[in-house]
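A.B. asks: I have a structure I would like to understand better, so I am pasting it below and will then ask my questions one at a time.
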Amino acid sequence: NKAFLEEVEQGFVPAEMEEPGTAAVSVKLVDKKNEEYVPPKRKVQAFTGEGMRLGGPTASTSPAPVVASNAAPVQVDDSAPQIRLQIRLHDGTRMPARFNETHTVGDLRVFVAQARPGGAVFDLSTTFPRKVLNDDSLTLKDAQLSGAVIVQTLR
């Protein structure tokens, strides 16, 4: 190690680092141990990629808007047990909703259809584990949807 450092201090490439057939290379050391280290400024570059949404027909880079739950009113009996749901429409819109336990999946389907009129054919499903809600006569309580996130997907 001593010979290595002496050669560097003299301005030569140490013998153990030389490769055969290379010309002489000079080495210059600058003593900066009394200087404060300042890390180089990093050039910040914003994400330049493209935002994509899995399972959706459109790409969205902004947060999905929240639609008021009275967008398509459902007759909710305040004296009866209630269920709160969050519905995610196919366009990414979040729509909180309140139903009675006795409302059916069919009522939920009508609620979603009224929120986005246009006659599009769609499916409703839970998130995880994914379960498609096909039986419109099933009550929300029997379907165990209390507090669930319901996802609308276009066919």
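The values are calculated or read from the model by the stated rules, or taken from the named source; none is laboratory data. Being a predicted model, the structure only gives us computed values, none of them experimental. Don't worry about glycine lacking a Cβ; one is built from the backbone with ideal geometry, like all the others, and counts go over all protein chains shown. For the accessible areas, the whole protein counts, side chains as well, though only heavy atoms, and no ligand, DNA or RNA atoms are used. Shrake-Rupley method; radii C 1.70, N 1.55, O 1.52, S 1.80 Å.
A.B. asks: Check VAL13: other-chain or 5+ apart residues with amide H under 5 Å from its amide H, H built from backbone geometry?
C.D. replies: When sequence neighbours closer than 5 places are left aside, the close amide H contacts are VAL25, VAL27.
A.B. asks: Tell me, what is the 1.4 Å probe accessible area of THR48, in Å² to the nearest 10?
C.D. replies: 110
A.B. asks: To the nearest whole percent, what portion of all C-alpha pairs in region 99-138 is separated by more than 16 angstrom?
C.D. replies: 38
A.B. asks: Continuing with this model, one more query. Of LYS41, LYS131, LYS32, which has the most accessible area with a 1.4 Å probe, and how do the rest follow in descending order?
C.D. replies: Working: LYS41 195, LYS131 90, LYS32 120 Å².
Largest accessible area first, the residues go LYS41, LYS32, LYS131.
A.B. asks: Determine the sum of side-chain charges near ILE83: Lys and Arg each +1, Asp and Glu each -1, restricted to other residues whose C-beta is under 9 angstrom from that of ILE83. Don't jump to the answer; show the numbers that get you there.
C.D. replies: Details: positive: ARG84, ARG98, LYS141; negative: GLU101.
Net charge around ILE83: +2.
A.B. asks: While we're on this one: Cα gyration tensor of region 1-47, axes a ≥ b ≥ c as square roots of the eigenvalues: rounded (a/c below 1.5), prolate (a/b > b/c) or oblate? Don't skip to the end; give the middle numbers.
C.D. replies: Working: a/c = 3.57, a/b = 1.77, b/c = 2.02.
The shape class here is oblate.
A.B. asks: Tell me, what is the percent relative contact order of region 76-150, built from C-alpha pairs under 8 Å that lie six or more residues apart?
C.D. replies: On the way: 106 pairs, mean separation 28.8, N = 75.
Once divided by the residue count of region 76-150, the mean separation gives 38 percent.
A.B. asks: Which of the lysines could be linked to LYS33 by a straight reach, that is with a Cα gap under 22 Å, when you skip same-chain ones fewer than 8 residues away?
C.D. replies: Straight-line reach from LYS33, under 22 Å: LYS2, LYS41.
A.B. asks: What is the sum of charges around LEU154, taking Lys and Arg as +1, Asp and Glu as -1, for the other residues whose C-beta is under 13 Å from the C-beta of LEU154? Please report the intermediate quantities before stating the final value.
C.D. replies: Working: positive: ARG88, ARG116, ARG155; negative: ASP91, ASP123.
With Lys, Arg at +1 and Asp, Glu at -1, the neighbours total +1.
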